[in-house]
Each structure stands twice: as C-alpha cells, then as structure tokens.
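Notes follow once the structure below has been shown.
The values are calculated or read from the model by the stated rules, or taken from the named source; none is laboratory data. Source: prediction; values computed, not measured. Note that each Cβ is placed from the backbone with ideal geometry, even for glycine, and that neighbours are counted across all protein chains shown. In case anyone asks, the SASA skips ligands and DNA or RNA and just uses the protein heavy atoms, side chains included. Shrake-Rupley method; radii C 1.70, N 1.55, O 1.52, S 1.80 Å.
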Amino acid sequence: MSVVYLNGQFMPASEAKISPMDRGFLFGDGIYEVIPSYGGRCVGFSAHIKRLQQGLAALEIDCVLTEQEWQQLVQRLITENGAGNLGVYLHVSRGTDTKRAHAYPKGIQPTIFAYCFDIASEPQADMNTAVRYKVMTAPDLRWQRCHIKSTALLGNVMHHQQAAALGLNECILFDEQEFLTEGSSTNVFIVKDAVVITPPLSHKVLPGITRQLLLKILHEHSKLKVEERAVSINEVLAADEVWLTSSSKEVAAVTEVDGQAVGDSEPGAVWLQAQQLFSQYKYDYL
Ligand code: PDD
C-alpha cells in the first residue's frame with residue numbers, strides 16, 4: 001500500500017482526503033514538482049525545490065517549508081515506498097477556503113501533498129533499447145505564463161491528448177511566429193551539423209531541470225557547441241536530430257515529426273553522447 005504525505009502527516013493513500021473547497025481543486029491554484037529518484041537518490045533535488053519555491057512566490061502562496069524540510073519529507077516518503085525507481089510528486093495549493101471566490105483569500109493554510117509513483121529504471125545511452133519517440137507539431141495554445149509550473153495543466157493536457165489520439169508520444173508547440181516553445185510535458189532540443197540548439201528561457205517555456213542539467217553537463221564535459229536561441233519550425237523539420245527532455249525521460253530521441261523521419265529515423269550519434277554524459281554526471285550537480 002502506498003504511503004502519501006498530506007499536511008504534516010504520512011498515511012496510506014486511501015486515507016488522504018481534502019475538501020472540494022480546496023483552491024487547487026476549484027481553480028488549479030497551486031504549484032507542483034516531479035522529482036525522479038533511483039534507489040533513494042534524487043536527480044536535481046535542490047533545483048526542483050528552488051523552482052517550486054519560485055513558483056509559490058510568483059503565486060504569492062505562503063509555504064514555509066525550507067529546502068531541508070522538503071528533503072526530510074521526500075526522503076521519508078521514498079523510504080516508506082520502498083526506495084526503488086520512483087517519481088516524487090509534490091503539490092502545494094493555496095489551501096481551502098469557505099467559499100469559491102477568485103481573489104486570493106487571506107489567512108488560509110496551503111494544502112501540501114506528496115506521493116510517489118513507480119517509474120521505469122534509469123534511461124540508458126543504448127541504441128538497442130532507446131525509445132523512439134514520434135511527435136506532432138501544433139500551435140501553442142496555452143497561457144502566457146508557461147514558466148510557472150502551475151497545477152492548472154489543462155492546456156498541456158489537451159495538447160498531449162492531441163498527440164495521444166493519433167498514437168503519438170508528444171505534441172511539440174510553436175508560438176505565433178512559428179518559433180519552437182516546448183512539448184506538452186517536455187523541453188525540446190534540436191541538433192544541426194553537430195550543434196545542439198534549444199530555445200532560450202522565457203515565459204513561453206518551463207525552465208526544465210533536465211534541460212538545465214543537460215546544458216551544464218554539455219558545457220562542462222563535452223566539446224559540443226551549444227546554442228540557446230530561437231528555433232524556427234523549418235529548422236525543427238530539417239534537423240539532424242530532435243530530442244525531448246524531462247525528469248523521467250532524461251534525453252529522449254525523436255525519430256519522427258509529423259510523419260517525416262528525423263535524420264535516418266534512428267536515435268543519432270549526438271543523442272548517444274548526450275545521454276551517456278547525462279547518465280554519468282546527473283548526480284553531480286544541483
Ligand atoms: N513535466 N515542459 C513542460 C511543460 C513540462 O511539464 C515538463 C515536465 C518539462 C520538463 O521539465 P523537467 O525537466 O523539470 O522534468 C518541460 C513533468 C515531468 C510532468 O508534468 O509530469
């Protein structure tokens with residue numbers, strides 16, 4: 001039976017209850033994180049907590065837990081759930097009010113929820129076992145604060161479903177000028193002539209921790225040229241390689257965009273190097 005954390009207590013998942021007046025339920029008024037953990041070791045823990053705290057500050061949600069307190073909470077949750085390959089989900093909503101009213105109410109306590117779910121074992125830099133991702137492109141129809149990791153994910157959910165309905169793995173998104181933003185639940189990189197390119201951070205993109213970690217690792221442990229700059233849809237369609245990054249996927253090779261092969265339809269040589277370096281150094285940072 002899985003053990004979850006809710007508002008200061010650890011308990012069986014079946015016993016965790018919150019009010020329907022919780023603003024997370026009524027408005028999606030909250031912030032979340034997903035942290036990968038393998039055998040009790042988290043990847044990018046401090047960076048995930050920093051992003052959580054920045055999101056809470058942006059929404060003016062007063063959550064007093066320090067990084068050390070989050071660490072204790074997460075370690076206990078991981079231990080209680082067997083310390084295998086786990087995704088740790090953290091969720092802080094503004095809390096429960098007595099009525100549904102849009103303005104931020106004063107004097108309510110945030111609702112703090114955390115649970116673990118099983119994830120696949122650590123991704124490997126291996127051409128034989130690499131998942132080949134097939135994706136579609138679409139105009140980005142989400143809101144204009146995509147840098148905030150809000151629990152209000154309906155825009156992302158609808159874009160993901162657009163792809164899933166066609167049997168595809170991800171929908172990669174483009175702004176009004178047809179520049180790449182990100183995927184519905186991933187950041188996107190392309191490779192052209194051995195140069196690794198990804199869009200710069202802005203309000204259109206979630207500052208992915210895997211993205212951040214990968215950029216650092218490539219800068220410090222490879223000779224690859226890396227650029228953070230606007231990427232047009234034509235560049236994506238003509239790329240030698242396309243990658244998706246996220247906490248659970250790490251660096252994932254895309255082999256098909258809108259039904260067209262990427263490169264020779266196989267994960268590329270630069271992907272292999274990037275995932276190899278990521279596997280080697282991911283616990284050394286943040
Ligand atoms: N998704 N962009 C979006 C819109 C995301 O939702 C995510 C993560 C990422 C990658 O971020 P990171 O590298 O920090 O995981 C980019 C998570 C895993 C989710 O919603 O489940």
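Structure summary
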read-out	value
Members of the stretch 114-140 found to be touching a residue at least 40 places away in the same chain (Cβ under 8 Å) and within 17 Å of N169 (Cα to Cα), listed by number	I119, A120, P123, A130, V131, R132, Y133, K134, V135, M136, T137, D140
Hits in the stretch 162-179 - residues which are at negative phi and over 17 Å from the mean Cα position of the chain (by Cα)	Q162, A163, A164, A165, L166, L168, F174, D175, E176, Q177, F179
Cross-chain or 6+ apart pairs with Cβ under 6 Å, the stretch 1-27 first and closer than 14 Å to I112 by Cα, then part of a strand (DSSP E or B) and open to solvent by 30 Å² or more (accessible area, probe 1.4 Å)	V4/Y115; L6/F113; S19/T96; D22/T96
Residues being within 16 Å of the ligand (Cβ to nearest atom) and of a type in the set (S, T, Y) - total across the stretch 220-263	4
Filter result for the condition that a residue is of a type in the set (V, I, T), farther than 27 Å from E241 by Cβ and away from the ligand (no atom under 15 Å from the Cβ), over T151, T79, T137	T79
Residue satisfying all of: in the stretch 132-143; open to solvent by less than 50 Å² (accessible area, probe 1.4 Å) and in a loop (DSSP other than H, G, I, E, B); nearest to V257 (Cα to Cα) among these	D140
Residue that is least open to solvent (accessible area, probe 1.4 Å), among those in the stretch 91-131 that are more than 21 Å from the chain's Cα centre (by Cα) and of a type in the set (V, I, T)	T111
